[in-house]
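Here's the structure we're looking at; comments come further down.
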Amino acid sequence: MKSKNTHAEKNNKKSTSRRNFLKKGLLAGAGTVLGAGVVGSFDAFAEGGDSIKVLGPDGKILTVDKSHLKEIGARTEAQMQTEGRTGIPGRRWIKVIDLGKCRNARMCVAACQHAHQLKPEQYHVNVLRMDREGETAPFFMPKPCQHCDDPPCTKVCPVDATFKRQDGLVLIDNERCIGCRFCIAACPYSARIFNWTEPRDAEKYKDVEYDVELNVPQKKGTVSKCLFSADLLREEKMPYCVTACPNGVYWFGDENENAVTNGTTKETVNFKKLLKDNAAYVLLPELGTKPRVYYLPEKNRLFPYKYNGSTELKKEHNS
Amino acid sequence: MKHILKPRKTTFIFILLILSFSVNAQWNIPDYAKNTKLPTEPTYKLTETGKQLFIKNCIQCHGLPGEGKNNTAINAPDLGTADYQSKHNAGQFYYQFNEGMGFMPSFKDKLNKDDKWSITFYVKSFDKGFKITGEKIKAENCVIDFKTEDSARTLIATANIIDKNGISKPAEGVEINFFVKRIFGNLPIGETVITDQNGTAVFKFPDNIPGDENGKIKIIAKFKDSDAYGTAMKSAELNWGTHLHFVNPVLERTLWGPNNRVPLWLLLSFLIVTGSVWLTIFYVVFQITQIKKAGK
Ligand code: SF4
Ligand code: SF4
């Protein structure tokens with residue numbers, strides 16, 4: 001977790017956001033209508049000997065020496081937008097969560113909040129304490145977005161801001177989101193959060209280029225949720241939460257390859273066999289959302305929940 | 001299912017409570033544990049099995065013995081230190097590991113007896129006074145290779161040991177595992193094969209392993225006993241996998257499809273219906289103004 005650079009450090013350079021660009025575009029359009037001085041500016045882009053005129057980040061035209069120009073390796077925002085919308089061909093990402101191993105270490109939560117510029121009270125993945133009825137024992141359950149194959153959330157979005165990709169991920173474009181929160185209401189898993197206030201370290205992330213696969217920088221008044229760390233998957237790395245877990249709770253992989261790898265032990269196993277041997281299930285299957293997150297039951301627990309020395313729910317409530 | 005989405009803020013406090021409990025608790029190992037008779041002779045082979053089990057079950061908190069990567073926050077000791085080893089003989093270690101205490105889970109029902117003893121032998125192998133029998137092969141002297149037979153999808157693996165004079169001789173009775181490369185790791189496939197006196201072993205490749213669009217797949221052979229025989233490996237790309245038929249779900253007709261996937265007839269009927277409703281409204285309003293005009 002420590003070794004991973006935040007998006008801010010990786011991509012810390014001045015840029016114009018899409019909104020600013022649109023604003024400028026509108027101004028330029030107005031300028032054309034007014035018709036004054038615009039024609040003259042065209043030759044500003046023409047080459048002149050060894051120096052070249054370029055449009056600076058703040059909209060001013062600068063003259064620079066040709067030899068100073070070089071190609072930038074980082075992906076542009078437009079690139080991130082198109083790639084982020086289409087997804088990684090040939091993949092179908094899948095996550096398996098082993099409830100028998102979770103002991104509420106909350107490392108996944110911390111790693112996720114660190115990566116996605118979230119405040120401590122904002123969760124893409126949260127670890128919930130589960131209380132069922134009667135004599136049953138409580139346990140802990142990490143709950144990310146289920147990346148449903150039939151997602152109710154994307155159906156209700158009026159502006160196509162939240163969408164499903166070919167590799168199975170459901171993402172949000174914060175630059176498009178109008179904050180209507182229909183999707184929050186539609187999601188049966190309460191996976192989505194709303195940025196009611198300015199996000200954490202808003203100042204620090206101010207100039208960072210928006211990455212739709214990371215939802216960073218977060219924007220006030222828009223929705224965010226678990227992205228299965230789409231930015232890491234592009235680099236063939238496992239999600240932040242998966243590798244952060246110290247207890248081997250998470251398995252992650254590609255359904256097309258029929259294999260999942262444990263984030264802690266790095267052991268790779270047959271995905272379908274893992275589900276079959278352990279009686280895996282999905283949350284709220286009756287809704288037909290077809291989740292892409294599978295749960296292994298809380299059997300053979302290595303870390304039973306204990307309170308006052310008891311592992312039973314009833315005793316705790318009576319004491 | 002109502003409770004599913006109910007977070008508890010008090011969880012953290014509970015964790016702290018548990019933590020303080022386990023920190024204060026003391027191991028209470030009964031005297032008889034010290035005199036436990038070992039069920040079998042500890043061998044290098046058993047310690048190797050123990051190591052693999054240790055990596056699966058114990059490494060998360062204790063780290064590998066002697067490496068000091070143990071989790072001190074929950075008081076999990078490094079099991080390889082001379083201090084730990086001198087205070088716990090095999091029987092005492094077995095007791096601790098079987099019963100558990102505080103954060104240390106009990107493995108009584110989680111592993112069978114043989115496995116638990118293998119782990120015990122592995123941990124005790126870090127005690128210089130602990131005697132282990134059996135043959136130990138020098139890891140760096142082994143090489144692995146395999147040939148492929150396309151028609152029968154068979155892999156013929158060979159293992160050789162190179163002796164002091166640089167002469168290679170076949171290694172008998174060596175266990176070899178096969179893997180396929182997956183995006184985040186290597187997936188073991190099929191059973192372990194054991195080499196015969198010629199140092200060769202035959203492996204039948206299963207025919208249900210998914211490959212890419214062309215069925216291409218990367219196959220890797222490794223020694224099972226990596227501590228004894230080393231990490232030598234051999235890999236090859238073959239098209240023995242099943243072909244991937246990728247259907248882009250976004251291009252299918254779905255209710256969650258994006259705007260540009262709207263069927264034309266649906267779009268047209270929508271526009272016609274909404275258009276006619278608005279036209280009717282405009283017409284009515286227009287007529288009302290006409291009536292008003294006519295009344296003047
Ligand atoms: S869990 Fe919720 S947010 Fe995630 S895809 Fe399903 S409906 Fe959408
Ligand atoms: S809140 Fe944003 S993402 Fe959600 S439905 Fe509204 S516009 Fe779409």
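The values are calculated or read from the model by the stated rules, or taken from the named source; none is laboratory data. Note that this is a predicted model, so its numbers are computed, not measured. Backbone-built Cβ (ideal geometry, glycine too); neighbour counts: all protein chains shown. Side chains included, ligands, DNA and RNA excluded: accessible areas come from the protein's heavy atoms. Shrake-Rupley method; radii C 1.70, N 1.55, O 1.52, S 1.80 Å.
Return the residue satisfying two criteria in turn: it lies in segment B:70-98 and is within 14 Å of chain A (Cβ to nearest Cβ) and not polar (S, T, N, Q), and of such residues it is most open to solvent (accessible area, probe 1.4 Å).
It comes out as B:73.
Give the residues of segment B:144-162 that are surrounded by fewer than 18 Cβ atoms within 10 Å (Cβ to Cβ) and part of a strand (DSSP E or B), sorted by residue number.
B:145, B:147, B:148, B:149, B:154, B:156, B:162
Give me the residue from segment B:189-235 that is within 11 Å of chain A (Cβ to nearest Cβ) and open to solvent by 70 Å² or more (accessible area, probe 1.4 Å) and, out of that set, farthest from residue B:162 (Cα to Cα).
That would be B:213.
Which condition does residue A:171 not pass, out of (1) within 14 Å of chain B (Cβ to nearest Cβ); (2) open to solvent by 40 Å² or more (accessible area, probe 1.4 Å), if it passes all the others?
Among (1) within 14 Å of chain B (Cβ to nearest Cβ); (2) open to solvent by 40 Å² or more (accessible area, probe 1.4 Å), residue A:171 violates only (2).
Which residue pairs have Cβ atoms under 9 Å apart, sit 6 or more places apart or on different chains, and have a first residue in segment A:180-196 that is over 15 Å from residue A:170 (Cα atoms) and a second that is of a type outside the set (A, V, I, L, M, F, W, C) and within 11 Å of ligand 1 (Cβ to nearest atom)?
A:181/A:192; A:194/A:224; A:195/A:224
Please work out which residue is farthest from residue B:252 (Cα to Cα), limiting yourself to segment A:146-162 and to residues that are open to solvent by less than 10 Å² (accessible area, probe 1.4 Å) and within 6 Å of ligand 2 (Cβ to nearest atom).
A:161
I need the full set of residues from segment A:153-188 which are small (Gly, Ala, Ser) and more than 13 Å from ligand 1 (Cβ to nearest atom), in order please.
Once the filter is applied, which keeps residues that are small (Gly, Ala, Ser) and more than 13 Å from ligand 1 (Cβ to nearest atom), segment A:153-188 yields only A:179.
Kindly list, by first and then second residue, each pair from a residue in segment B:241-257 that is more than 9 Å from chain A (Cβ to nearest Cβ) to a residue that is open to solvent by less than 90 Å² (accessible area, probe 1.4 Å) and among the β-branched types (Val, Ile, Thr), limited to pairs with Cβ atoms under 8 Å and residues at least 6 apart or on different chains.
B:241/B:180; B:241/B:209; B:241/B:217; B:242/B:209
Filter segment B:163-177 down to the residues that are more than 13 Å from chain A (Cβ to nearest Cβ) and part of a strand (DSSP E or B) and list them by number.
B:168, B:169, B:170, B:175, B:176
List the number of the failed condition for residue A:95; all other conditions in (1) surrounded by fewer than 20 Cβ atoms within 10 Å (Cβ to Cβ); (2) at pLDDT 95 or above hold.
For residue A:95, the failing item is (1).
Looking only at residues that are within 28 Å of residue A:285 (Cβ to Cβ) and of a type in the set (Ser, Thr, Tyr) in segment A:189-203, which one is nearest to ligand 1 (Cβ to nearest atom)?
Among those that are within 28 Å of residue A:285 (Cβ to Cβ) and of a type in the set (Ser, Thr, Tyr), it is A:189.
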